[in-house]
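Only the coordinates and a few stated rules stand behind these numbers; no lab work does. Quick caveat, the model's predicted, so the values are computed rather than measured. Ideal geometry is used to build each Cβ from the backbone, glycine not excepted, and the neighbour counts take in all protein chains shown.
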Amino acid sequence: MTDLVFRALADEREFPLFDRITTLPTSGVGERSRTFADLAADGDYRPAWVWIALRGDEIVGRASFWGPPDAEHPWALDFFDFDTVETGAALLEAAYAALVTPGYHSPIGRRPEYNLFLPADWRERPDAKADADARIKAAETAGLDFHVERLNLRWEREYGLPPRSTRLTFSPVTDDQILLGLLAEIVTGSLDAWDRRELHTRTPRDVAAETVAMVADMPGGRHRWRLGHDASGELVGVVMPTRNPRSATIGYIGVDRRHRGHGYAYDLLAEAMHIFAEEGEPSISDSTDVGNAPMAAVFDRIGYRVVGRRMLFT
C-alpha cells in the first residue's frame, strides 16, 4: 500500500487540492455556510496553515487552520475531513506538530481549537452521529480534548423585534475601569465554559481584561457597547454588540452576579437587537454553551432559532 504523505500547501495555486477529497460526509457534519474555495478567495486561509493527506495522488484527508490577518499563529481548526479515523488522527498529529511551535500563542489557548460544526439534530440521525463520532475519535486520538458543545443561533428581522426594556436604562461604555470591575463580577460564578476554564489559572480581573481585548479586536468596534442600569441607577450588566467578519453578533453579554435572577439578560439582549435593527442589520448570529441553560432560554424566548451546533476541542 502506498504510504501516506502529510503536508501543508505550497502556495495559493494549490488551494484547489483541498476540494479534491472524495470522502466528504453528506450528513451536514462539518458543513460551513460558505465553501472553502470562497473563504480562501477572500483571504481567510494561508497555504502554510492548510494541510492535506495524500495516498499517491489521491487526497484522503484535509485540515484547514484559521487566524486573523495579523496573527502570527493559527487560532482555530475548522474544515477537517478524512477517509479513515486513522488517517484523520495522523494528519492532525503532523499538522499540530508543525504549527504549534515553542513560541505558539493565541487568545484561544495553548494550541488551535478544533471547531466541529454539526447539524442541530446530529444525535438523532445515525448518519450524522457516525460522521461526528469519527471526527471526535480522530481529534481525541490526536491528543485534543473535548471542551464544550455550543448552540449556533440566529435571529432574522422577519422573526420580529422584542420590545425595548422599560426596566433598564442604557449608557455607552466610556470607562474601561468600570467595565472591568463589572466583568470581574460577571465571570465569577459564570456558566460559560471559557470563563470557567480561564478562572482555574487567572483572576476574574485578568479574565475580564482578556474578554474586553478579544471583543474590542473584532471588526465591529466598541461604539455599540452598552451598560444597563436598574431603576435605582445601579449598574447590573453589560452587552457588547459587534460584528465578526460575516455578520452582526453579540460579542459578550452578562449580568452582575449580585443581580442575577431578575431576567436582565433579556433586557440587555433586546437593547442590542434594537441597535442592530436601527443600523439595518438583517440578521444576528450568535452561540451559547449547551450547559448555559439560562442564556440558551433567553435566546429562545427572545426569538432566536437554533441553526446548528458546534463542538470545541482544545
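Computed quantities for the displayed model
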{"read-out": "Efficiency of FRET from Cβ geometry, E234 and R202, R₀ 35 Å, rounded to 0.05", "value": "0.80"}
{"read-out": "The range 129-268, relative contact order in percent, only Cα pairs under 8 angstrom and at least six apart counted", "value": "22 percent"}
{"read-out": "Summed residue charge, Cβ within 13 Å of A184's Cβ, Lys/Arg positive, Asp/Glu negative", "value": "-3"}
{"read-out": "Shape of the range 158-304, Cα gyration tensor, a/c cut at 1.5", "value": "rounded"}
{"read-out": "Relative contact order, percent, the range 4-144 [alpha-carbon distance under 8 Å, six or more residues apart]", "value": "26 percent"}
{"read-out": "Fewest-first ranking of M273, M295, using other Cβ atoms within 10 Å as the exposure measure", "value": "M295, M273"}
{"read-out": "Estimated [θ] at 222 nm from DSSP helical runs (n ≥ 4, -39500 (n - 2.57)) normalised by residues in the chain, nearest 500", "value": "-9000 deg cm²/dmol"}
{"read-out": "Length-normalised contact order of the range 84-159 in % [C-alpha pairs under 8 Å, at least 6 apart]", "value": "39 percent"}
{"read-out": "DSSP H segments from the chain that extend 15 Å or more along their own axis, Cα-based, with Kyte-Doolittle mean of 1.0 or above", "value": "85-99, 176-187"}
{"read-out": "Mean Cβ count within 10 Å, highest first, over the residues of peptides 22-34, 114-126", "value": "114-126, 22-34"}
